[in-house]
Structure formats: structure tokens, C-alpha cells
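Okay, structure first, notes after.
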Amino acid sequence: MTDRPYVIDQMISAKAIAARIEGLAAEIAAWFAGTDKLVVVGLLRGSFVFIADLVRELDLPVEVDFLEVSSYGDGMVSSREVRILKDLRGQIEGRDVLVVEDIVDTGHTLAQVTKFLATRKPARMRTIALLDKPSRREVDFRADWIGFSIPDEFVVGYGIDYAQRNRNLPHIGKVRFV
Ligand code: IMP
Ligand code: MG
């Protein structure tokens with residue numbers, strides 16, 4: 001199935017992503033203004049490009065940490081069961097936390113991750129996702145900040161993969177099988 005040939009049609013340009021991140025960073029900095037330190041938690045692996053660009057626009061004292069959860073394997077369909085593959089290195093109790101995700105699709109991943117992180121009693125926890133596919137939602141979850149709302153298309157690039165491929169594409173594109 002992952003050997004099926006496909007092409008990638010550009011959906012969101014690198015320029016549009018950069019401009020949107022500037023705006024998001026300003027909103028986040030305003031919301032967390034006065035924090036002693038913001039722990040920015042990236043969900044591996046899809047958020048690695050987004051978090052790199054986002055923290056460089058964030059005018060706040062930040063710490064960067066990563067959490068790896070499994071949900072998709074190599075396919076295109078969510079398993080709906082989220083397992084922790086790699087936990088945070090640092091403590092978040094009493095700290096301000098921003099969870100950074102690439103895409104909110106069914107909502108299971110961020111809903112379960114935020115529930116799990118909340119048990120560690122962060123002071124304030126907010127979520128951001130670069131992309132949102134609201135039409136695919138299965139659980140009632142909404143990220144606090146969203147970069148772009150997109151239709152039900154399978155996308156790649158800017159850190160996001162299809163079977164581990166295309167993460168290095170500088171823009172967001174949709175997969176079209178040929
Ligand atoms: P959810 O648990 O269904 O919300 O899924 C979220 C995860 O599914 C994201 O972190 C992505 O890794 C993955 N995902 C959802 N849609 C896409 C897509 O279009 N391309 C690649 N990965 C996706
Ligand atoms: Mg992911």
C-alpha cells in the first residue's frame with residue numbers, strides 16, 4: 001500500500017507557514033507573558049520542524065522537550081490508541097507548558113496526551129497544532145491555537161510524513177495517488 005505511486009500537490013507554501021507562525025508566536029507570547037519559563041513540548045516526530053520555527057519566533061524564556069507517542073504506524077488511519085514511546089526528560093509540575101502538535105485529526109492523540117500531562121500538575125497548559133482537520137474529529141478536542149484549518153486530505157511536508165517519507169519538504173502538500 002505504501003508503495004503506491006503518488007504525487008504531492010502544494011497546499012500551503014513555506015512563506016504562508018512562516019507568516020502564520022509569526023502571528024501565532026505573538027499571540028502565545030502575549031498569553032504567557034510574565035512566565036518564568038515556558039516548557040515547549042513537541043510531539044515527535046511530526047512537530048520537529050514546526051517547533052523549531054515556532055520557538056525561534058517566541059519572545060519568551062523557553063525550554064524545549066519532546067514526547068513521542070504512537071498512533072498511526074505506517075498507514076493513513078489512526079489506531080485511536082495512544083502509547084507513550086518516549087517520555088519527557090524534564091519535570092512539568094508547576095510549570096507553564098505548551099504542547100506542540102503537527103495535526104489534529106481525529107483528536108485522540110492530543111486529547112489523551114493532554115489528559116496524561118495534566119496528571120503531572122503543570123501550572124498552565126495550552127496546545128497548538130499547525131494543522132487542523134475539523135471534519136475528521138471523533139472526540140471533542142480543540143487546540144488553543146491552530147495554524148491552518150484544512151479539508152480531509154492526507155498531507156505531508158514541513159515535518160509531516162507519509163510512511164516516514166516527505167518530512168523534508170519545505171511546504172505542506174497533499175498526497176494524490178496516481
Ligand atoms: P489524531 O489522534 O487522529 O488527531 O491524529 C493525530 C496524528 O495523526 C498527527 O500527529 C499526525 O501524526 C497524524 N496525521 C493525521 N493526519 C495526517 C496527515 O494528513 N498526514 C500525516 N500524518 C497525519
Ligand atoms: Mg503525529
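The values are calculated or read from the model by the stated rules, or taken from the named source; none is laboratory data. Note that the structure is predicted; figures quoted are calculated from it, not measured. Heads up, the Cβs are rebuilt from the backbone with ideal geometry, glycines too, and the neighbour counts pull from every protein chain shown. Surface accessibility is based on the protein's heavy atoms, side chains included, excluding ligands, DNA and RNA. Shrake-Rupley method; radii C 1.70, N 1.55, O 1.52, S 1.80 Å.
Taking the three principal axes of the alpha carbon atoms in the stretch 3-76, the coordinate ranges are 50, 28, 15 Å, sorted in descending order. A Förster distance of 22 Å, applied to the separation of the beta-carbon atoms of residue 7 and residue 148, puts the FRET efficiency at 0.55.
Remark: the stretch 21-178 carries a charge dipole of roughly 360 debye about the Cα centre, counting +1 on each Lys and Arg Cβ and -1 on each Asp and Glu Cβ. Overall, the anisotropy analysis places the stretch 86-177 in the prolate class: the square-rooted eigenvalues a ≥ b ≥ c of its C-alpha gyration tensor yield a/c not less than 1.5, with a/b exceeding b/c. Derived scalar couplings between HN and Hα for the stretch 54-62 equal 5, 5, 6, 9, 8, 8, 8, x, 10 Hz in order, rounded to whole Hz, by the Karplus curve 6.51 cos²θ - 1.76 cosθ + 1.60 (θ = phi - 60°), x for Gly and Pro.
For the chain, the alpha carbon convex hull comes to 106 Å³ per residue, rounded to a whole number. Between 164, 14, 58, the Cα set farthest toward the positive side of the dipole of the chain (charges on each charged residue's Cβ, about the Cα centre) is that of 164. Annotation: amide H-H contacts under 5 Å for residue 99 (H modelled 1.01 Å from N, sequence separation of 5 or more, or interchain): 41, 126, 127, 128.
Step through the table entries 37/115; 37/174; 15/115, compare each Cα-Cα distance with 32 Å, and write down the pairs that go over it.
Long pairs (Cα-Cα over 32 Å): 37/174; 15/115.
The alpha carbon gyration tensor of the stretch 27-127 gives principal lengths a ≥ b ≥ c with a/c of 1.5 or higher and a/b greater than b/c, which makes the shape prolate. Backbone phi angles across the stretch 149-162, fed through the Karplus curve with coefficients 6.51, -1.76 and 1.60 (θ = phi - 60°), yield HN-Hα couplings of 8, 10, x, 6, 10, 8, 10, 9, x, 6, x, 8, 10, 10 Hz in residue order; Gly and Pro are listed as x.
Evaluate the relative contact order of the stretch 23-140 (contact order divided by residue number), counting alpha-carbon pairs under 8 angstrom at least 6 apart; express in whole percent. Dividing the mean separation by the residue count of the stretch 23-140 yields 26 percent.
With a sphere of radius 13 Å drawn around the Cβ of residue 177, what net charge do the other residues whose Cβ falls strictly inside it have (Lys, Arg +1; Asp, Glu -1)? Here the charged neighbours net out to 0.
Computed from backbone phi with θ = phi - 60° and the Karplus coefficients 6.51, -1.76 and 1.60, the 3J(HN,Hα) list for the stretch 86-103 is 9, 8, 4, 8, x, 8, 10, 4, x, 9, 7, 10, 10, 8, 10, 10, 6, 9 Hz; x is used for glycine and proline. Label separation (residue 171 vs residue 115): 3.9 nm, computed from points 7 Å beyond Cα along the C-beta direction. Put simply, the stretch 117-170 fits an ellipsoid with semi-axes of 25, 16, 11 Å; these come from the alpha carbon gyration tensor as the roots of five times its eigenvalues, largest first.
Taking all protein chains as they are arranged and a probe of 1.4 Å, the heavy atoms of residue 171 leave approximately 40 Å² accessible to solvent. Legend: calculated FRET efficiency, residue 26 to residue 88, from the Cβ-Cβ distance at R0 = 25 Å, rounded to 0.05, equals 0.40. Each residue was assigned an accessible area with a 1.4 Å probe, and for residue 93 the value is about 130 Å².
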